[in-house]
Amino acid sequence: MHKACKIVAKVLITVGFLGMASCETELDVINQTSDLPVVWGLIDPADSVYNIRIQKSFCGKGNAADMAKIYDSIYFDSLNVFMELRYAPDKNMVGIYAGQDWYGEWDMAGDLIHRVRLNRTQVNSKETGFFNYDPYRIYQTHSDEFRIRGKVYLTDPGYWTVPQGQGYFVRVTIENPKTGQTTVATTPFVDMPNILIPRKAFTLNLYDRENSKIIWQDHGWFYDSQIQFYYIEFTDHEEIKSVGWRITGINRTRVEIPVMEFYSYTATPFGENLLGHVGAEIKDSPDVIWRKFSHIDYSIVAAPEFVKEYLDSYFISADHAGQPTTNVTNGNGLFALIARNGRSGFHLDFNSRDSLSRGRFTKHLKFVKW
């Protein structure tokens, strides 16, 4: 007989995937045991540290909100957590990461190439929130132990390399010695966005639309991207601050040539609407004497298509009658490799700074032109 389980999720994913912040979602799912894990992990191979969070689902009678404040109700007593590089040469990776067959029995397939056990560690700098936050438990390994940066580095036999490509994927395997249950999740490698324009940062004219474009290419992934606007705020002291927002209106075009096909993406985030975002994101204060523009950065994050499916369903599916949207077998949550690229250090020309100082969107924010 199945029991109704309640998962209350408030997640702060610290790897920096754009647009993913703390949220609260309540839903009922069907599961036999309270030992069903919820897995959270977005791994950028370019990072030096790889973190995964694993927590319990809340099942049966009782208030899930109260249980979330109890350390033993959130975390498992003991888990064996492994990150694995695997190879399945007979698999069509395009079909898998496009969502056609990226879950289920395929999770158990593939030849094991390299495996590392993640260490359980405590983090005490997590911001306060719904869940118990002191200590904050994660499972962690480092890039010098699990070598997937650039190329996949193998340590046995000898020291050699295998290029990333079709058939290679990363799997997390979670073994629960208490129940004997194994939870797995797999993810393909993700291409870094190839930014064609601009090649480097330059001085922006917000009214020159043609020179305000971002263009990048790849073989087709889900994207999220963000502008970060930095400024100096002076009250009784100077302080560097920033505000950010997602880039919208990204146009995607499929390009076919005789030997290959790829996708081209175009966005125009640096127009006059940038000032509208600044005016909406910065909250004025009577304590502020003046503000001064510093610089603008932007970043693009690529992820497998199933990450979009997960985000579109508000982190966990609201489909109470079926399985939550997840790529985790014998569990819930999200595990995926991502890739980042971007440009930093854009400045504004005099006319754009003048609009920042006196324009209708931002004149109340006391920006100076110098």
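The values are calculated or read from the model by the stated rules, or taken from the named source; none is laboratory data. For clarity, every value in this text was computed on a predicted model and none was experimentally measured. Glycine also receives a Cβ, built like all others from the backbone with ideal geometry; neighbour counts cover every protein chain displayed.
Among the residues making up segment 196-219, a single one is among the β-branched types (Val, Ile, Thr) and surrounded by 19 or more Cβ atoms within 10 Å (Cβ to Cβ): ILE214.
Exactly one residue out of THR235, THR187 is touching a Phe, Trp or Tyr at 6+ places or on another chain (Cβ under 7 Å) and either surrounded by 13 or more Cβ atoms within 10 Å (Cβ to Cβ) or not small (Gly, Ala, Ser) (or both): that is THR187. One residue stands out among those in segment 178-207 that are part of a loop (DSSP other than H, G, I, E, B) and without any contact (Cβ under 8 Å) to a residue 40 or more places away in the chain: the one that is farthest from LEU334 (Cα to Cα), which is ARG199. Looking only at residues that are modelled with pLDDT under 65 and of a type in the set (Phe, Trp, Tyr) in segment 108-159, which one is surrounded by the most Cβ atoms within 10 Å (Cβ to Cβ)? Selected residue: PHE131.
Segment 258-370 holds strands (runs of 3 or more DSSP E) entirely within its bounds, and those carrying 3 or more residues that are touching a residue at least 60 places away in the same chain (Cβ under 8 Å) map to 290-303, 332-337, 339-348.
The rows are residues; the columns are (1) surrounded by 17 or more Cβ atoms within 10 Å (Cβ to Cβ); (2) at pLDDT below 95.
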{"position": "SER264", "(1), (2)": "no, yes"}
{"position": "TRP290", "(1), (2)": "no, no"}
{"position": "ILE316", "(1), (2)": "yes, yes"}
{"position": "ALA321", "(1), (2)": "no, yes"}
{"position": "ALA336", "(1), (2)": "yes, yes"}
{"position": "ARG353", "(1), (2)": "yes, no"}
{"position": "ARG360", "(1), (2)": "no, yes"}
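The set of residues in segment 260-274 being out of contact with any helix residue (DSSP H, G or I) (no Cβ under 6 Å at 6 or more places or on another chain) and over 16 Å from ASP218 (Cβ atoms) consists of PRO269, GLU272, ASN273, LEU274. Residues that are in contact with a His (Cβ under 7 Å, 6 or more places away or on another chain) and touching a residue at least 24 places away in the same chain (Cβ under 8 Å): does segment 208-226 have at least one? No: zero hits. Residues in segment 242-253 that are in a strand (DSSP E or B) and touching a residue at least 24 places away in the same chain (Cβ under 8 Å): 4 in all.
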